[in-house]
Amino acid sequence: MTPRRSTNQQFNLFVPYVSDLPLRDQRETMERPFFSLAKRRRLKPIEYVSPNGEVFVKVLPNQQFGMATIWDADILIWAASTVNTLRKQGKNDLPRTLHFQPYDLLKTIGRPTGGHQYHLLREALGRLQATTIVTNIRAQKGKKHRQFSWIESWADHVDDETQQSKGMTLTLSEWFYEGILMDGGLLSIDSMYFTITGGRERWLYRVARKHAGGAGEGGFAISLPTLFEKSGAEGTYRRFKFEMQAIVRSNTLPSFDLSLELTAGKEPLLRMCRRVADRLEQKAMRSNRSSRPQKEPSPAQALPLFPSATPVLSDETVARVRRDFPRWDVYAIKADFDSWLAKDSERQPEDYQAAFYGFARQWDARNRYA
């Protein structure tokens with residue numbers, strides 16, 4: 001697929017491409033089990049009831065298409081971000097039907113733009129339309145629940161002669177569209193979210209952003225059994241617990257630190273805290289004025305948990321590694337680097353950023369011809 005633009009007279013109806021679209025996620029979809037966390041086709045329904053019994057979510061897959069996945073939800077993030085941007089621009093009659101170029105959407109959500117990705121985009125749209133959700137979240141007065149699919153319809157417009165795409169359209173469900181426009185219905189997310197490869201990690205980032213994004217230094221803690229129920233993940237709790245421990249050890253979610261906290265009970269708590277730099281940046285943006293740099297809390301104050309968090313890469317280091325070694329996932333290298341440091345207490349560097357860059361350079365040298 002090429003980034004050719006249609007010259008069709010209806011092109012003016014297309015949503016404008018924004019190279020740095022401010023990303024927004026729909027708040028109510030971020031913590032509860034609305035999506036499959038696996039890439040393989042899921043045919044087992046999700047049935048969730050909150051601990052207090054007040055909220056239920058049921059997700060029914062289509063036997064042919066399966067269930068919409070956490071990666072398919074990237075399209076909904078793009079749609080929410082697009083509608084929100086149009087609203088910020090003062091546009092009237094915000095559309096539920098979005099006309100777009102597939103190249104633009106794929107670029108925004110960090111996907112390659114080849115022909116195979118175009119095929120995967122069509123499959124994702126099919127799952128979003130075929131998956132059925134039943135929930136009492138935002139059920140209208142006098143009704144017990146609402147039933148909908150993520151998108152009501154979608155279409156791919158193809159030139160009969162050249163077989164080139166002339167653009168695509170999708171129509172959001174009324175439930176999701178209402179969630180975009182409601183007060184407080186959207187939360188900003190880090191563009192690095194799209195680089196997260198694991199389904200559980202993607203879902204966990206959304207939970208952390210929803211609950212710990214504005215929770216202050218103490219962050220947000222939740223028991224692993226409750227987290228398991230909220231995930232809707234297939235498999236056993238024992239397997240889920242093992243995977244959460246591995247995610248905590250790598251501690252590579254954008255903007256958030258994770259740690260396990262032992263309790264008097266049998267099961268630990270997972271605590272999520274916004275990193276100090278992100279909290280200070282958020283506070284500065286809210287105040288919209290300069291102030292003296294605040295003293296950063298010590299690691300023990302910021303995360304009084306076990307195990308302790310690993311150092312955070314600076315924006316400069318991340319940019320430098322991506323520039324010099326573009327083939328590799330900088331956070332995957334960080335996970336290996338932190339694991340290597342943890343094996344010997346004498347390996348702790350005086351300058352973590354410089355040491356990490358050196359490690360990345362060696363990583364590239366070892367693996368560039370692999």
A convex hull over the alpha carbons of the range 177-222 yields, per residue, a volume in Å³ of 109 Å³
If N is the residue count of the range 70-133, its Cα Rg over 2.2 N^0.38 Å rounds to 1.19
Note to self: C-alpha centroids of the range 216-267 and the range 20-91 sit apart, in Å, by 20 Å
In whole percent, the Cα-Cα distances of the range 13-116 spread across 5 Å bins from 0 upward as 2, 10, 17, 18, 17, 15, 11, 6, 2, 0
Across the alpha-carbon set of the range 71-225, Rg over Rh with Rh taken as the Kirkwood radius works out to 0.99
FRET efficiency (Gln64, Glu346; Cβ distance; R0 56 Å; to 0.05) is 0.45
What one gets for the range 154-241 as the Kirkwood radius, inverse of mean 1/r over different Cα pairs in Å, is 16.8 Å
Once normalised by the length of the chain, the mean sequence separation of its alpha carbon contacts under 8 Å that are 6 or more apart gives a contact order in percent of 15 percent
For Tyr103 the rounded accessible area (nearest 10 Å², probe 1.4 Å, non-protein molecules ignored) is 60 Å²
Given GluC sites (Glu not before Pro), DSSP loops and at most 13 other Cβ atoms within 10 Å, the longest exposed-site-free stretch of the chain is 218-349
Once all protein chains are kept in place, His116 shows an accessible area at probe 1.4 Å, nearest 10 Å², of 120 Å²
A convex hull over the alpha carbons of the chain yields, per residue, a volume in Å³ of 185 Å³
Expected field for Ile70, accessible surface area in Å² at 1.4 Å probe radius, rounded to 10, holds 0 Å²
With +1 on the Cβ of every Lys and Arg and -1 on the Cβ of every Asp and Glu, the dipole magnitude of the chain about its Cα centre, in debye rounded to the nearest 20, is 460 debye
Length gained if Gln147 through Asp315 is fully extended, taking 0.36 nm per residue and subtracting the Cα-Cα distance, is 56.2 nm
From highest to lowest solvent-accessible area (probe 1.4 Å; ligands, DNA and RNA excluded), Met192, Met182, Met168 read Met182, Met192, Met168
In whole percent, the fraction of accessible protein surface over the range 90-243 that belongs to carbon or sulfur atoms, probe radius 1.4 Å, stands at 46 percent
From the cross-link list Lys107/Lys230; Lys241/Lys266; Lys39/Lys266; Lys44/Lys230; Lys266/Lys334, the entries with a Cα-Cα span beyond 20 Å are Lys107/Lys230; Lys39/Lys266; Lys266/Lys334
The base-10 log of I(q)/I(0) that the Debye equation returns for the range 216-270 at q = 0.25 Å⁻¹, one scatterer per C-alpha, is -1.15
FRET efficiency (Glu161, Gln117; Cβ distance; R0 22 Å; to 0.05) is 0.40
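The values are calculated or read from the model by the stated rules, or taken from the named source; none is laboratory data. Being a predicted model, the structure only gives us computed values, none of them experimental. Glycine also receives a Cβ, built like all others from the backbone with ideal geometry; neighbour counts cover every protein chain displayed. With ligands, DNA and RNA removed, areas are computed over all heavy atoms of the protein, side chains included. Shrake-Rupley method; radii C 1.70, N 1.55, O 1.52, S 1.80 Å.
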